[in-house]
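Inspection log for the structure reproduced underneath, given as structure tokens.
The values are calculated or read from the model by the stated rules, or taken from the named source; none is laboratory data. What you see is a predicted model; the values in this text were computed from it and never measured. Every residue, glycine as well, gets a Cβ built from its backbone with ideal geometry; the counts of neighbours run over all protein chains shown.
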Amino acid sequence: MRVEMTEKAEMTDLTDQELMGLVQAGDYSPAAVLYDRYSTRIYNFAYRFLRNSEAAEDATQEVFVKMLRHAHQFNGEAKLSTWLFSITANLCRDHLRKADNKAKDDEDALLTMPAPAEHSPQHVLETRETERRVREALQKLTPEQREAILLSRYQGLSYAEIAQISGCSEGAVKTRVFRAMETLKKLLTDPVNGDTRCLTAL
């Protein structure tokens, strides 16, 4: 454990180009460092673009999946942040295009129907509180567990796909997901009444 912490601490001192060089060489361990370094900025960009917290979170995770899958496309001529934001923008544009393809009848109906109960101010506040609790809980996982749970629960990737991305066995992925879910259940279950509604946000 001490060795892993030392290695991660050493990685945090590396530049983006050096970290991506390791990724391109087949070492996926820097992924957690790059995620910690850029995930907040990418989420904020996607949220301002889409004004949809769930879509922004999905886009943020997809950016890092693409970063690992297409690492060979990064040549170091541009900043890593520029490359990542380019991927984010493309994902956001795709999302908006899909939204535009929805039937116009649905949009017209929304204009004439009263706002549904789930869009009430109380619901919005409850949703934001749930998202805050989930984000905080995810940050308490180890980088490996967080990566596995985000890829499996948010991206819907198979254990085989996650194993390829993470550079480990499928068995290791299953173990990480299991331990992550056990930790999240403890963190997100209300200690007073046993309410587990926050878990549905995962």
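Filter the stretch 168-188 down to the residues that are among the hydroxyl-bearing types (Ser, Thr, Tyr) and not in a helix (DSSP H, G or I) and list them by number.
SER169 - this is the single residue of the stretch 168-188 that is among the hydroxyl-bearing types (Ser, Thr, Tyr) and not in a helix (DSSP H, G or I).
Six or more apart or on different chains, Cβ atoms under 9 Å: show the pairs whose first residue is in the stretch 15-42 and closer than 16 Å to ALA78 by Cα and assigned by TED's automatic domain parsing to the domain that holds ILE87 and whose second is basic (Lys, Arg) and assigned to a helix (DSSP H, G or I).
Matching pairs, first to second residue: ASP16/ARG37; LEU19/ARG37.
Among (1) at pLDDT below 70; (2) among the aliphatic types (A, V, I, L, M); (3) closer than 17 Å to ARG135 by Cβ, there is one condition MET5 misses while meeting the rest; what is its number?
Every listed condition holds for MET5 apart from (3).
It is to be established whether one or more residues within the stretch 95-106 are modelled with pLDDT of 80 or more and of a type in the set (S, T, N, Q).
no
In the stretch 49-86, which residues are among the charged types (D, E, K, R) and over 16 Å from the mean Cα position of the chain (by Cα)?
Correct list: ARG51, GLU77, LYS79.
Each row is one residue, and each column tells you yes or no for (1) small (Gly, Ala, Ser); (2) modelled with pLDDT under 70; (3) touching a Leu at 6+ places or on another chain (Cβ under 8 Å); (4) within 19 Å of ALA56 (Cα to Cα).
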{"site": "CYS92", "(1), (2), (3), (4)": "no, no, yes, yes"}
{"site": "LEU111", "(1), (2), (3), (4)": "no, yes, no, no"}
{"site": "PRO143", "(1), (2), (3), (4)": "no, no, no, no"}
{"site": "LEU150", "(1), (2), (3), (4)": "no, no, yes, yes"}
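Scan (1) surrounded by fewer than 14 Cβ atoms within 10 Å (Cβ to Cβ); (2) in contact with a helix residue (DSSP H, G or I) (Cβ under 6 Å, 6 or more places away or on another chain) for the single condition TYR35 breaks and write down its number.
The single condition TYR35 does not satisfy is (1).
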